[in-house]
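Student: Pasting a structure below so you can have a look.
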Amino acid sequence: MASRSCANFLHLASGNLLDIPQTPRGLPRVMTVPGIISDMDSCSSNDGDSDVASSGCRERKIIVANMLPLHAKRDRETSKWRFSWDEDSLLLHLKDGFSPEMEVVYVGSLKVDIDVNEQEEVAQKLLEDFNCVPTFVPHDLQKKFYLGFCKQHLWPLFHYMLPMCPDHGDRFDRILWQAYVSANKIFADKVMEVINPDDDYVWIHDYHLMVLPTFLRKHLNRIKLGFFLHSPFPSSEIYRTLPVRDEILRGLLNCDIIGFHTFDYARHFLSCCSRMLGLDYESKRGHIGLDYFGRTVFIKILPVGVHMGRLESVLNLSSTAARVKEIQKQFEGKKLILGIDDMDIFKGISLKLLAVEQLLQQHPDLQGKIVLVQIVNPARGFGKDVQEAKKETYMTAKKINEVYGSPNYQPVILIDRPVPRYEKSAYYALAECCIVNAVRDGMNLVPYKYIVCRQGTPGMDEALGVKPEYPRTSMLVVSEFIGCSPSLSGAIRVNPWDIDAVAEALNTAITIPESEKQLRHEKHYRYVSTHDVAYWARSFVMDLDRACQDHYSKRCWGIGLGLSFRVVSLSPNFRRLAIDHICSAYRRTSRRAIFLDYDGTLVPEASIIKTPSPEVISISKTLCDDPKNTVFIVSGRGRASLSDWLAPCEKLGIAAEHGYFIRWSKDSEWETSPVGADLEWKKIVEPVMSLYREATDGSSIETKESGLVWHHQDADPDFGSCQAKELLDHLESVLANEPAVVHRGQHIVEVKPQGVSKGLVAEKVLSRMVNGGKSPDFVMCVGDDKSDEDMFQSILTSVSNPSLPVAPEIFACTVGRKPSKARYYLDDTADVLKLLKGLATATISKPRCLPEIKVSFESNA
């Protein structure tokens, strides 16, 4: 059933919001505006599921963001719109990471409202002159989408602010969520107008467009899709409060690669996927990957950089040099501390001012010698919290200046106006120290810009009156809660809430020896200059290309409704097992071997009741009573429970504890594997597992005759997984010289005798059939977990033996659509019962003789 948030998405988007019309096969490379097709490129594209990659079309990058990197202004004389590049936009700078031949198309909104009757002309102009595709989100929808859901819900939540009461954030509003989805749908439509799916790469930016990947993946199963989040990603305790948490997670997981600034943000995202979607991740050769329905979603961790050329060119401007001289004269004899922040509640401006007040109080000798210049960028939102933050900032600054200032000295100077780039660069170049005191921030490039400007250029050196060989220095005080903090190892990191510690850090920064300032600066500049925006973009697209390499080597199909849509990606030879197909083979054969797993195959894994249903007993009895069949239940469970539960099936073979015990029928004796006769190692394992059981709430130990299993399905997902990894390493270490193997499965760590596996059971059964003159002509194996993969591999190996008179028909089948050595799959235990009922029906020539079998066809999974 589709979740409530996925259904009836208002009237905000035309047509059915989630049923996007299919793109025509002959869609040209570029559609300039709806209804107008450009002839600039004659290449046509295949649909998203084509297995044949097109050739002859130049590879492109489609950059999708909330806002286009453009300035827009209406000409007063002609009343026409005039557009220009926003030279400070990250989206424009990242092009430096691509080859000069790479074509880049931008999709996003303009910062101004364009009248409906002008949109066609503007769209044509932007595409021709700037390679930009405007989305033209309607004004009312844009307000609900951006100022509503993005700024009132996502942005505060991602910065750890919960709507605990009406005065502390807005409560979740489903109307705003529907506006968010509708706006993302419009962006998807615009991308679909210009994309050539076989050649183009799509790179989506930031939290405004987190469900866009679902719309695009639904259109084009093999789209090459990357996403980078420029804000923090909160811990699972915070994120899980979002009512539409699953829809957003699944949206991001429809990408091929997801980028984060820091490992903390990535770790929080992975924890959310584990706790809320039950997904596991692993690291291979330095790359973190999530398995999502057969697709590997890669996690990229790399902080964005600055554009070195842009910063240096501004430093060389004559206006910058002139402003430097003015500032030098204004603050002559004083040490300049600089802060540049947006006006919002998370930037910690008032906390910074309180730290300066504390500094002046504790160090009276600094009064009259230091000045904090706080540049306040215009607020991006207009809520009550912004106004309160602004009011508090001005009141605190006024109090400090009244207490510690004089007619010729103000310790705090607030610059609350639009400050041009050259003026900011001048302040950067002159500041002895830069402080970024945010209580929570995604990345924050202010420290990077400060370091580059302190390094200077020949033009700036001339303005400052210093020689080129003059040693460069800089000092940074940065909050430990901002994204750039981990990469600035020479900075003084502070907890912005600890006023005393921040004050002391500022004192250290301005009194530290010049030689140490120089060493810290050199270390920072070396990192910033080599990890610039071009490096960041180049690294991301290289990993995006690697993540998409196997797109055309697998079969893909979409499943799920609404925003729960996802793509299943599996081997081209992997297909659903058709009951008619296997029943046909079953009828024409006479020496059949059938291997069935128990948990997750005959009984649902999630079921509390683990005993077999009457239907399972009835079907199993019918199959094993047929003299042409050799039927085995192969399970990790103990022999006592299996023999008790399956007692009515007298001719059924049972392999318990992964084959350590084998019984060919109810009347035969249990055979014990000779390879596991020495079980002394259990005395070593039990105290170790007991230690982890006591330390991990919700875990338990299952004792078998041949081994021990530590279960952690009821423990905290993250802690349980962490403890399982540690237990695995611990046991492998202490059992290094013992005849036992340690295996980690789904929510378990199991120790069993060496040389015991389900695969060996299959080999033994098939070998006995051959030696008894009943070489199998039909082999079926059905299982659901990793231990069953041994059986799949074993039957494929055994039946390929050239000594067999006739190659049998093989049906290796896994339960669930997931990567497997099996060639076939069934969806769940209900499908398995359908299959077995079909075989049981085919067993008896007269169906009326078949015992009454009632099978529920509803999924028990």
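Student: Considering only the stretch 613-637, state which residues are out of contact with any Ser or Thr (no Cβ under 7 Å at 6 or more places or on another chain) and open to solvent by 20 Å² or more (accessible area, probe 1.4 Å).
Tutor: Ser613, Pro614, Glu615, Ile617, Ser618, Lys621, Asp625, Pro627, Thr630, Arg637 - these are the residues of the stretch 613-637 that are out of contact with any Ser or Thr (no Cβ under 7 Å at 6 or more places or on another chain) and open to solvent by 20 Å² or more (accessible area, probe 1.4 Å).
Student: If we keep just the residues of the stretch 243-280 that are among the hydrophobic types (A, V, I, L, M, F, W, C) and open to solvent by 10 Å² or more (accessible area, probe 1.4 Å), which is modelled with the highest pLDDT? Break it down stepwise before answering.
Tutor: Taking the stretch 243-280 as the starting set, the residues that turn out to be among the hydrophobic types (A, V, I, L, M, F, W, C) are 244, 248-249, 252-253, 255, 257-258, 260, 263, 266, 269-270, 272-273, 276-277, 279.
With open to solvent by 10 Å² or more (accessible area, probe 1.4 Å) added as a condition, the list becomes 263, 276-277, 279.
Values: Phe263: 93, Met276: 90, Leu277: 89, Leu279: 86.
Step by step, filter the stretch 243-280, then rank; the result is Phe263.
Student: Which of the residues spanning the stretch 515-568 are acidic (Asp, Glu) and not in a helix (DSSP H, G or I)? Steps first, please.
Tutor: If we filter the stretch 515-568 for residues that are acidic (Asp, Glu), which is where we start, we get 516, 522, 532, 543, 545, 550.
Of everything in the stretch 515-568, those that are acidic (Asp, Glu) and not in a helix (DSSP H, G or I) turn out to be Asp532, Asp550.
Student: To continue, here is another question. Could you tell me whether the stretch 653-666 includes any residue that is more than 17 Å from Gln754 (Cα to Cα), out of contact with any Leu (no Cβ under 6 Å at 6 or more places or on another chain), open to solvent by less than 70 Å² (accessible area, probe 1.4 Å) and part of a loop (DSSP other than H, G, I, E, B)? Don't jump to the end; show me each part of the working.
Tutor: Going through the stretch 653-666, the residues more than 17 Å from Gln754 (Cα to Cα) turn out to be 653-654, 663-666.
Now drop any that are not out of contact with any Leu (no Cβ under 6 Å at 6 or more places or on another chain), which leaves 653, 663-666.
Next, from what is left, pick out any that are open to solvent by less than 70 Å² (accessible area, probe 1.4 Å): 653, 663-665.
Applying the additional criterion that residues be part of a loop (DSSP other than H, G, I, E, B) yields 664-665.
Yes, some residue in the stretch 653-666 is more than 17 Å from Gln754 (Cα to Cα), out of contact with any Leu (no Cβ under 6 Å at 6 or more places or on another chain), open to solvent by less than 70 Å² (accessible area, probe 1.4 Å) and part of a loop (DSSP other than H, G, I, E, B).
Student: Quick one: which of Ile608, Ile579 is open to solvent by 10 Å² or more (accessible area, probe 1.4 Å) and modelled with pLDDT under 85?
Tutor: Working: Ile579 fails: modelled with pLDDT under 85.
Step by step, each of Ile608, Ile579 is checked, and only Ile608 is open to solvent by 10 Å² or more (accessible area, probe 1.4 Å) and modelled with pLDDT under 85.
Table: residues versus (1) outside the structural domain of Ser231 (by the TED database); (2) touching a Lys or Arg at 6+ places or on another chain (Cβ under 8 Å); (3) over 20 Å from Val478 (Cα atoms); (4) at pLDDT 95 or above.
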| site | (1), (2), (3), (4) |
| --- | --- |
| Lys329 | yes, no, yes, no |
| Leu338 | yes, no, no, yes |
| Asp344 | yes, yes, no, no |
| Gly348 | yes, no, no, no |
| Lys352 | yes, no, no, yes |
| Ala355 | yes, no, no, yes |
| Ala379 | yes, yes, yes, no |
| Gln387 | yes, no, yes, no |
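Student: Which one of the conditions (1) among the aliphatic types (A, V, I, L, M); (2) assigned by the TED database to the domain that holds Ser767; (3) surrounded by fewer than 14 Cβ atoms within 10 Å (Cβ to Cβ) does Leu691 fail to meet, given that it meets all the rest?
Tutor: It fails just one condition, (2).
Student: Additional query: When both residues are 6+ apart or on different chains and their Cβ atoms are under 6 Å apart, which pairs have a first residue that lies in the stretch 810-833 and is among the acidic types (Asp, Glu), and a second that is in a loop (DSSP other than H, G, I, E, B)?
Tutor: Asp828/Ser859; Asp828/Ala861
Student: Further question on the same structure: Restricted to the stretch 97-116, and to residues that are at pLDDT 95 or above and in contact with a Phe, Trp or Tyr (Cβ under 9 Å, 6 or more places away or on another chain), which residue is nearest to Asp200 (Cα to Cα)?
Tutor: Val104
Student: Also: Taking into account only those residues within the stretch 182-198 that are in a loop (DSSP other than H, G, I, E, B) and modelled with pLDDT of 90 or more, which is farthest from Pro232 (Cα to Cα)?
Tutor: Looking only at the stretch 182-198, we keep the residues that are in a loop (DSSP other than H, G, I, E, B), and these are 195-198.
With the extra rule that they be modelled with pLDDT of 90 or more, the set shrinks to 195-196.
Numbers: Ile195: 30, Asn196: 32 Å.
Selected residue: Asn196.
Here's the yes/no breakdown for (1) of a type in the set (S, T, N, Q); (2) open to solvent by less than 40 Å² (accessible area, probe 1.4 Å); (3) within 18 Å of Gly309 (Cα to Cα); (4) outside any loop (DSSP other than H, G, I, E, B):
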{"residue": "Ala438", "(1), (2), (3), (4)": "no, yes, no, no"}
{"residue": "Ile451", "(1), (2), (3), (4)": "no, yes, yes, yes"}
{"residue": "Ala463", "(1), (2), (3), (4)": "no, yes, no, yes"}
{"residue": "Ser474", "(1), (2), (3), (4)": "yes, yes, no, no"}
{"residue": "Pro486", "(1), (2), (3), (4)": "no, no, no, yes"}
{"residue": "Gly490", "(1), (2), (3), (4)": "no, yes, no, no"}
{"residue": "Arg493", "(1), (2), (3), (4)": "no, no, no, yes"}
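Student: Among the candidates Leu570, Leu563, single out the residue that is touching a Ser or Thr at 6+ places or on another chain (Cβ under 8 Å), in contact (Cβ under 8 Å) with a residue 60 or more places away in the chain and outside the structural domain of Val782 (by the TED database). Let's see the steps before the verdict.
Tutor: Numbers: Leu570 fails: touching a Ser or Thr at 6+ places or on another chain (Cβ under 8 Å).
Among Leu570, Leu563, only Leu563 is touching a Ser or Thr at 6+ places or on another chain (Cβ under 8 Å), in contact (Cβ under 8 Å) with a residue 60 or more places away in the chain and outside the structural domain of Val782 (by the TED database).
Student: Could you give every pair whose Cβ atoms fall below 7 Å, whose first residue belongs to the stretch 587-608 and is in the same structural domain as Asp626 (by the TED database) and closer than 12 Å to Asp788 by Cβ, and whose second residue is assigned to a loop (DSSP other than H, G, I, E, B) and not charged (D, E, K, R), counting only separations of at least 6 or pairs across chains?
Tutor: Short answer, once both residue conditions are applied: Leu596/Leu602; Asp597/Ser635; Tyr598/Ser635; Asp599/Ser635.
Student: Limited to the stretch 202-228, what total is found for residues that are more than 15 Å from Ile62 (Cα to Cα), buried (at least 24 other Cβ atoms within 10 Å of the Cβ) and aromatic (Phe, Trp, Tyr)?
Tutor: So the answer is 1.
Student: Condition test on Glu732, is it open to solvent by 50 Å² or more (accessible area, probe 1.4 Å), in a helix (DSSP H, G or I), out of contact with any Lys or Arg (no Cβ under 7 Å at 6 or more places or on another chain) and not assigned by the TED database to the domain that holds Ile594? Give the steps one after another, and end with the answer.
Tutor: On the way: open to solvent by 50 Å² or more (accessible area, probe 1.4 Å): yes; in a helix (DSSP H, G or I): yes; out of contact with any Lys or Arg (no Cβ under 7 Å at 6 or more places or on another chain): yes; not assigned by the TED database to the domain that holds Ile594: yes.
Yes: the conditions hold for Glu732.
Student: For the stretch 748-768, which residues satisfy the criterion of being in contact with a strand residue (DSSP E or B) (Cβ under 7 Å, 6 or more places away or on another chain) and among the β-branched types (Val, Ile, Thr)?
Tutor: Selection gives Ile748, Val749, Val751, Val761, Val765.
Student: Here's a check for you: in the stretch 735-760, which residue that is outside any strand (DSSP E or B) and among the small types (Gly, Ala, Ser) is least open to solvent (accessible area, probe 1.4 Å)? Let's see the steps before the verdict.
Tutor: Our first condition is that a residue be outside any strand (DSSP E or B); within the stretch 735-760, this holds for 735-739, 746-747, 754-760.
Filter once more, so that each one left must be among the small types (Gly, Ala, Ser): 736, 755, 757, 759.
Details: Ala736: 72, Gly755: 43, Ser757: 26, Gly759: 5 Å².
Top of the filtered list is Gly759.
Student: If you don't mind, another one. Looking only at the stretch 514-522, decide whether some residue is buried (at least 20 other Cβ atoms within 10 Å of the Cβ), outside the structural domain of Lys628 (by the TED database), out of contact with any Gly (no Cβ under 8 Å at 6 or more places or on another chain) and not β-branched (Val, Ile, Thr). So that I can check it myself, show each step before the final result.
Tutor: First, pick out the residues of the stretch 514-522 that are buried (at least 20 other Cβ atoms within 10 Å of the Cβ): 517, 520-521.
Now restrict to residues that are outside the structural domain of Lys628 (by the TED database): 517, 520-521.
So of that shortlist, the ones also out of contact with any Gly (no Cβ under 8 Å at 6 or more places or on another chain) come out as 517.
Okay, now just the ones that are also not β-branched (Val, Ile, Thr), so 517.
Looking for residues that are buried (at least 20 other Cβ atoms within 10 Å of the Cβ), outside the structural domain of Lys628 (by the TED database), out of contact with any Gly (no Cβ under 8 Å at 6 or more places or on another chain) and not β-branched (Val, Ile, Thr), one finds at least one in the stretch 514-522, hence yes.
Student: For Ser425, are the conditions met, namely being in a helix (DSSP H, G or I), outside the structural domain of His261 (by the TED database) and not hydrophobic (A, V, I, L, M, F, W, C)?
Tutor: It is true that Ser425 is in a helix (DSSP H, G or I), outside the structural domain of His261 (by the TED database) and not hydrophobic (A, V, I, L, M, F, W, C).
Student: Moving to a separate point now. Asp644 is checked against (1) open to solvent by 30 Å² or more (accessible area, probe 1.4 Å); (2) in the same structural domain as His730 (by the TED database) and fails just one. What number does that condition carry?
Tutor: (2)
Student: For the stretch 59-94, name all the residues that are touching a Leu at 6+ places or on another chain (Cβ under 6 Å) and within 14 Å of Ala537 (Cα to Cα).
Tutor: Matches in the stretch 59-94: Ile63 only.
The values are calculated or read from the model by the stated rules, or taken from the named source; none is laboratory data. Please read all numbers here as calculations on a predicted model, not as lab measurements. Positions of Cβ are generated from backbone atoms using ideal geometry, with glycine treated the same way; all protein chains shown enter the neighbour counts. Ligands, DNA and RNA are excluded from the accessible area calculation, which covers all protein heavy atoms including side chains. Shrake-Rupley method; radii C 1.70, N 1.55, O 1.52, S 1.80 Å.
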